[in-house]
C-alpha cells in the first residue's frame, strides 16, 4: 500500500486524485487532501508522499512549501500547470523529487511516478527534463499574463479568452499589451497575431489546440 497526500487549491484535483491513482496492482491510497501546506501539516495523519501544486491561492512561496514538507519528513512530487524554467529549477533545488505538468500527464504516468518515488527513486519525467532545458530567455510574466498567453496563444479569440479566464475584454487587452512589451524588452518582439502561439511553443511546448 502506497499512501499519498494532495495539496492543491483546486477542489477538482483534491476530489479525483484518489480515484485516478487507484487502478494498479499496488494500491495507492489518498490519505489526505488540503488546499494549503499549513492545513496539511496540521493534520493528525499524513501520507509520506505529497503531490503538490506550485501555485496555491494562499499566496505561499512554493520553495518554502517544499522545504517545509521535506523538513516534516515528506517526499514532494510537483504536479502543476506552471512550467516556468526558473520555477521548476527552484522547486528541484528546494528538494522536489520530480515535476509533472497537469496538462500533459495522464493518470498512468502519475501513478508510475508515485510508485517510483515510493521505491526510493527520483524519476526524471519528460515534463521535468523539458522544463529544465527550455528557453531561458523568457520574460517574467505574472500568473494572469501567463494564462492569457496560453489561452490567446492557442488561437482562440480575444472574446473567448476573456470568457474562459473570467476577465473583461479590456483587461485581456491590457494583459496582451504588457505581454508584448515584456517580450520586446528581451529582444523577442510579438509583431503579429500568430507570434503569440510561436512564443508559447518556444517557451512552453506546443500551443493547445483551441476548443472553440
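Only the coordinates and a few stated rules stand behind these numbers; no lab work does. Owing to the predicted nature of the structure, the values given are computational and were not obtained by experimental measurement. Heads up, the Cβs are rebuilt from the backbone with ideal geometry, glycines too, and the neighbour counts pull from every protein chain shown.
Only beta bridges with both residues in the chain are counted; by DSSP, about 0 percent of them are antiparallel.
Placing a label point 7 Å from the Cα of residue 55 along the Cα-to-Cβ line, the residues of segment 94-113 whose backbone N sits under 17 Å from it are 100-105. What does the helix-only formula give at 222 nm for the chain: each DSSP H stretch with n ≥ 4 adding -39500 (n - 2.57), the total divided by the residues, and the result rounded to the nearest 500 deg cm²/dmol? Calculated mean residue ellipticity at 222 nm is -14500 deg cm²/dmol.
Rounded, prolate or oblate, given the Cα gyration tensor of segment 2-133, with a/c below 1.5 counting as rounded?
It comes out rounded by the Cα gyration axes.
Residue separation of residue 71 and residue 195 scaled by 0.36 nm, minus their Cα-Cα distance, works out to 40.3 nm of gained length. Taking the chain as the reference, fit the longest principal axis to its C-alpha atoms, fit the long axis of helix 143-152 to the helix C-alpha atoms, and give the angle between the two in degrees, 0 to 90, nearest 10. On a 0 to 90 degree scale, this one is about 60. Using C-alpha pairs below 8 Å separated by at least 6 residues, the relative contact order for segment 1-147 is 20 percent.
According to the square roots a ≥ b ≥ c of the eigenvalues of the Cα gyration tensor, what is the shape class of segment 143-204, taking rounded for a/c under 1.5, prolate for a/b larger than b/c otherwise, and oblate for the remainder?
On the way: a/c = 1.89, a/b = 1.51, b/c = 1.26.
Because a/c hits 1.5 or more and a/b exceeds b/c, segment 143-204 counts as prolate.
For the pair residue 174 and residue 93, a Förster radius of 45 Å applied to the C-beta separation gives a FRET efficiency near 0.85, rounded to the nearest 0.05.
To test your reading of the geometry: what angle, between 0 and 90 degrees and rounded to tens, separates the Cα axis of helix 62-71 from the longest principal axis of the chain? Helix 62-71 sits at roughly 10 degrees to that axis. Between residue 143 and residue 185, the distance separating the two model label sites (each 7 Å from Cα on the Cα→Cβ line) works out to 2.0 nm.
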